[in-house]
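What follows is a short report on a single structure.
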Amino acid sequence: SECLLPLRITSVAASSWLATFLCQPIMESHSDLVSWEAFTTRQRDRRFGPKSWLLFFIIAGIAMPAQGKVIKLDNKNFESKTQASRGEYSGYWVVSFCNKSPRCQKLEGIMNDLSNELKRTSKGLVFASVDIEDPTNADLLERFSVRESEAPTLIFIEQAHYAKYRSRTFSKKWVKNFAQSHGSGESFRPVPKPKDMIEEIIGPVLEYIAGFVFFWPVGFLMNQGLAEMPARILWFGVLYVTGKTFEETIWNKHCSKKKKKKKKKKKEMGDRKKKNTREQDDQHDDEKRMKKRNKKKK
């Protein structure tokens, strides 16, 4: 296809110039009919105008084949582009996990050819690749259970499910059939959800704290001569006693303070309600007295 590209460009240019030469009377919107002799003489004297250039670019854009491309994916943009775990439609993704081996380079060439070939015939197909040698993509390899020793690995993603290409023959015909058939014949699995930023940051911290609180003291007691089970029982007994003392001393005091505050608030609210009811009763009594006085005066 690359060798025929200059020939296509020249043919498109020639056809577009011929179309502008023939369609010039229509574009100029003459009121009367133009004779062929006057039209040809005017075309000789006239230069290639802006309308002709516009028509040239329109025909060139229609006639030139659409060039597809293989999208580079990594751990940062994988979920935002594919919407793999959410199931939202962003195309039917054919993703290869490759390194710099000859087999992977061959597969990348096949995917480049197929992205150009299937751009118009198979709408929605998107070809992409992931570099498995990049250490930042380790989470992607873990999510889709891809091993570096099995490279290249090809998967098809559709509606929050993915299927692996099980065959080890990466010919153009077989890869094309796998992409166009939407992974038919392969077993589909749900796409695992990616790790959150909070989980990535807090997870190691919690593991370190758990190891320091639970496992390090047990190891220390075992180094002092205790067996594993007695060391665990002793340490968990210490944790239980400290937890109970904390609950009885600090936690109960904190809860009692909260209860006292709530009681004070309830009393204040009750006093306010009583004051309001007294004021309302006083106003009501004053109104009755005023009515009685007015009746006596009359």
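Tabulated data for the structure shown
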quantity: Residue tally, condition open to solvent by 10 Å² or more (accessible area, probe 1.4 Å), within 13 Å of H161 (Cα to Cα) and not polar (S, T, N, Q), over the range 80-90; calculated: 4
quantity: Qualifying residue in the range 194-206 (condition: modelled with pLDDT of 80 or more and under 24 Å from N99 (Cα atoms)); calculated: yes
quantity: Meets criteria (among the polar types (S, T, N, Q) and open to solvent by 30 Å² or more (accessible area, probe 1.4 Å)) for T249; calculated: yes
quantity: Qualifying residues in the range 104-121 (those that are in a loop (DSSP other than H, G, I, E, B) and among the charged types (D, E, K, R)) - the one nearest to the chain's Cα centre (by Cα); calculated: K119
quantity: Selection within the range 122-150 - within 15 Å of F97 (Cβ to Cβ), in a loop (DSSP other than H, G, I, E, B) and open to solvent by 20 Å² or more (accessible area, probe 1.4 Å); calculated: E133, D134, S145, R147
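The values are calculated or read from the model by the stated rules, or taken from the named source; none is laboratory data. Computed from a predicted structure; not experimentally measured. Note: ideal-geometry Cβ built from the backbone for every residue, glycine included; neighbour counts use all protein chains shown. Just so you know, the surface numbers come from the protein's heavy atoms only, side chains and all, with ligands and any DNA or RNA stripped out. Shrake-Rupley method; radii C 1.70, N 1.55, O 1.52, S 1.80 Å.
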